[in-house]
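Input: a single structure, listed below in structure tokens.
Nothing in this text is a laboratory measurement; each read-out follows from the coordinates by a stated rule. Note that the structure is a prediction, hence the values are computed from the model and not measured. Cβ coordinates were reconstructed from backbone atoms using ideal geometry, including for glycine residues, and neighbour counts include every protein chain displayed.
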Amino acid sequence: MSTDYDVDLFVIGAGSGGVRAARIAAGYGAKVMVAEEYRIGGTCVIRGCVPKKLMVYASRFADAFADSEGFGWTLGSVSFDWGKLVAAKEKEISRLSAIYRTNLEKAGVTLVESRALVEGPHQVRLLAHDRTVSARVILIATGAAPFLGPEVPGRDLAITSNEIFDLPEQPKRILIVGGGYIAVEFAALLRRLGSDVTVALRGDNILRGFDEDVRCCLRDALTGSGIAFKFSDMPRGFEKKGKAIEVTLANGERFAVDQVMLATGRHPNTHGLGLETIGVRLDGVGAVCVDPYSQSSVPSIYAVGDVTNRVALTPVAIREGHAFADTVFGGKPVAVDHAGIPTAVFATPELGTVGLTEAEARLKHAIVDVFKAQFRPLKATLSGSSEKVFMKIVVDGETDRVLGVHIVGDDAGEMAQLLGIAVKLGATKAAFDATVAVHPTSAEELVTLHTRTARYEQVQLDPGEAAALMDEERTP
Ligand code: FAD
């Protein structure tokens with residue numbers, strides 16, 4: 001396609017969004033080059049969703065072993081080997097990374113292993129090769145990186161989610177700082193693998209921005225599993241004491257841990273990329289400001305995925321990458337719909353959610369009906385486990401449309417995926433009720449929840465409070 005430029009498309013970052021965009025654009029006949037400075041596959045494959053979920057699976061054997069006795073099993077002694085898990089995980093992500101590479105090559109994309117910087121509206125500098133490539137279009141798909149929070153003494157003793165996956169030893173005692181989904185997921189999985197886990201966070205509850213009921217439900221379950229939460233209490237400093245790290249909290253409390261993990265959010269990866277110099281508009285946290293077609297303020301430069309700080313999730317980055325390629329190289333303008341994205345928090349118990357929280361619904365709709373249930377799952381009757389399942393359906397009282405569904409319990413993420421279709425289709429509560437149950441399952445409660453728990457006939461939240469809730473993002 002290209003005549004005036006070396007390539008039609010230069011993609012910076014071979015993660016979820018960049019790889020999808022490169023492959024689809026190449027499929028439309030574009031000459032595409034991709035630069036990656038770390039490992040092909042990006043955060044999701046290398047140090048995000050995939051290795052995290054593998055660790056979650058590992059952690060859940062603890063429950064399976066404990067539950068099995070009630071079903072007649074007698075187990076010998078069981079033990080867990082962190083090193084074996086890390087090695088198995090590494091093998092799998094290397095396999096996936098190789099598949100990403102092969103798929104790019106098969107699509108005819110040229111892959112360059114180098115940090116890339118933007119030198120002009122059509123120029124990309126490849127640092128490892130000391131050369132500049134010209135491109136008709138540049139796509140910024142550089143993702144995000146852990147944000148370390150306030151500078152406190154000894155902060156460099158702490159690790160982030162980038163390092164936790166490859167620790168040579170499982171920390172016996174760990175402090176996790178933060179209350180977002182990454183903090184919560186690692187707290188839950190490490191606790192089940194046997195670590196003593198303390199979580200310190202600024203807020204008075206975990207998972208800001210999620211529905212209040214599921215936040216409380218998950219917090220209580222995690223507290224019950226032995227995680228020590230320090231709410232409204234951030235670390236004041238860290239000090240090395242032998243092999244341990246002594247933590248001092250703002251309230252003056254001191255205790256020793258083996259590791260501190262900062263999970264205090266993630267910021268878009270634009271630092272030093274050269275974007276401001278050529279007039280690409282960034283927002284206050286450094287995210288590339290884009291229009292619905294992912295185009296930045298410089299017409300030849302687009303951005304997708306976490307670097308745009310829209311919804312920082314893998315399937316969203318992939319969709320944005322695909323839509324970009326359709327729009328710019330396929331002649332089919334596509335704007336990604338960011339409403340009603342189902343999502344999960346892979347703690348144990350798991351949290352699955354789609355659509356509006358109760359607070360959001362009450363702010364936007366005149367009449368809101370809420371249906372809630374909390375029950376002991378069938379499995380717990382024999383296992384003796386104290387686990388509970390929580391389900392909540394938020395309905396527009398005027399149209400009967402289901403606005404949101406929020407679940408805590410086994411397979412909540414799987415349920416959220418399917419509920420996402422119903423909510424996207426605009427299903428009514430009557431349609432849920434008309435659906436025959438699959439028995440015996442936990443999910444059947446979703447179609448048998450006939451008794452309304454509450455009806456709210458006007459906005460009952462203080463508008464400032466509600467607006468603040470809505471602003472809060474579900475990002476890590
Ligand atoms: P990335 O996948 O981060 O890719 C960006 C790539 O660009 C990286 O490979 C980086 O090395 C490269 N790069 C950066 N700068 C340059 C440069 N100058 N030159 C060359 N290369 C560069 N999402 C979910 O949907 N579900 C989950 O369960 C989930 N779990 C997560 C768990 C953790 C611990 C983390 C950190 C994230 C998780 N996410 C999850 C979020 C998900 O990983 C991201 O939303 C997704 O990876 C974003 O894709 P991306 O293409 O925008 O960026």
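Within segment 223-297, report the trypsin sites (Lys or Arg not before Pro) that DSSP leaves as loop and that have at most 11 other Cβ atoms within 10 Å.
Answer in residue order: Lys243.
Remind me, relative contact order of the chain in percent, using alpha carbon pairs under 8 angstrom and six or more residues apart?
16
For Ile421 and Ala373, compute 0.36 nm times the residue count separating them, minus their Cα-Cα distance, and round to one decimal in nm.
Numbers: separation 48, 0.36 × 48 = 17.28 nm, distance 2.17 nm.
Working it through step by step, the gained length comes to 15.1 nm.
Over segment 113-179, what is the relative contact order in whole percent, taking alpha-carbon pairs under 8 Å and six or more residues apart?
It rounds to 16 percent for segment 113-179.
Let me know the volume per residue of the alpha-carbon convex hull for segment 1-88, in Å³.
For segment 1-88, the hull spanned by Cα atoms encloses 114 Å³ per residue.
Whole Å is fine, so just give me how far the alpha carbon centre of segment 182-228 lies from that of segment 39-76.
One Cα centre to the other: 17 Å.
Once you have the alpha carbon radius of gyration of segment 1-147, what is it after dividing by 2.2 N^0.38 Å, with N set to its residue count?
Here the answer is 1.42, to two decimals.
Given that compact globular proteins tend to follow 2.2 N^0.38 Å, what is the ratio of the alpha-carbon Rg of segment 331-445 to that value?
Working: Rg = 15.4 Å, N = 115, 2.2 N^0.38 = 13.4 Å.
Its radius of gyration relative to the 2.2 N^0.38 Å reference: 1.15.
Taking the C-alpha atoms of segment 236-317, how large are the radius of gyration and the largest Cα-Cα span, Dmax, in Å?
In Å, with Rg to one decimal and Dmax whole: 19.2, 55.
If we count every other residue with Cβ under 14 angstrom of Ser297's Cβ, Lys/Arg +1 and Asp/Glu -1, where does the sum land?
-2
Largest first and in whole Å, give the semi-axes of segment 112-207's equivalent ellipsoid, each being the square root of 5 times a Cα gyration tensor eigenvalue.
38, 16, 13
Could you tell me the relative contact order of segment 152-288? Use alpha-carbon pairs under 8 Å, at least six residues apart, and round to a whole percent. Mind dumping the intermediate values first?
Values: 238 pairs, mean separation 40.5, N = 137.
About 30 percent, as a whole number.
Using DSSP to call loops (not H, G, I, E or B), can you name the GluC sites (Glu not before Pro) in segment 224-256 whose Cβ has at most 14 other Cβ atoms within 10 angstrom?
Of the GluC sites (Glu not before Pro), the ones in loops of segment 224-256 whose Cβ has at most 14 other Cβ atoms within 10 Å are Glu253.
Which distance in nm do the two modelled labels at Thr132 and Leu75 give, with both placed 7 Å along the Cα-to-Cβ direction?
Result for the modelled spin labels: 6.1 nm.
Could you line up His439, His365, His267 from fewest to most neighbouring Cβ atoms inside 10 Å? Don't jump to the answer; show the numbers that get you there.
Details: His439 7, His365 21, His267 18.
Fewest-to-most Cβ neighbours within 10 Å comes out as His439, His267, His365.
Per residue, how big is the convex hull around the C-alpha atoms of the chain? Give it to me in cubic angstrom, could you?
168
Using Cβ counts within 10 Å as a stand-in for footprinting exposure, how do Cys289, Cys44 rank, fewest first?
Listed from fewest to most nearby Cβ atoms, that is Cys289, Cys44.
Does anyone have the angle between helix 49-68 and the longest principal axis of the chain? Alpha-carbon axes, 0 to 90°, nearest 10?
So the helix axis and the longest Cα principal axis differ by about 20 degrees.
Taking 1 over the mean of 1/r across every pair of different Cα atoms in segment 68-155, what Kirkwood radius in Å do you get?
18.6
Could you work out how far helix 16-27 tilts from the main Cα principal axis of the chain, as a 0 to 90 degree angle to the nearest 10?
In the chain, helix 16-27 runs at an angle near 50 degrees to the longest axis.
Let's test this: bin the Cα-Cα distances of segment 339-388 at 5 Å from zero up to the farthest pair and state each bin's percent.
5, 14, 17, 19, 18, 12, 9, 5, 2
Give me the net charge of Asn103's neighbourhood, meaning all other residues with Cβ under 12 Å from the Cβ of Asn103; Lys, Arg count +1, Asp, Glu -1.
+3
Select from segment 68-163 those GluC sites (Glu not before Pro) which occupy a DSSP coil region and have at most 13 other Cβ atoms within 10 Å, ordered by residue number.
Qualifying residues, ordered by number: Glu151.
Provide the per-residue ³J(HN,Hα) series for segment 343-353, in order, calculated from phi with Karplus coefficients 6.51, -1.76, 1.60 and θ = phi - 60°, each as a whole number of Hz, with x at glycine and proline positions.
8, 9, 10, 8, 7, 10, x, 7, 10, x, 8
What is the gain in length, in nm to one decimal, between Asp337 and Lys241 on full extension, counting 0.36 nm per residue of separation less the C-alpha to C-alpha distance?
In short, 29.5 nm is gained.
Going by alpha carbons, how many degrees (0 to 90, nearest 10) lie between the helix axis of 314-329 and the longest principal axis of the chain?
30
Give me the mean projected area, in nm² to one decimal, of the convex hull enclosing the Cα positions of segment 310-365.
Convex hull of Cα atoms, orientation-averaged projection: 5.2 nm².
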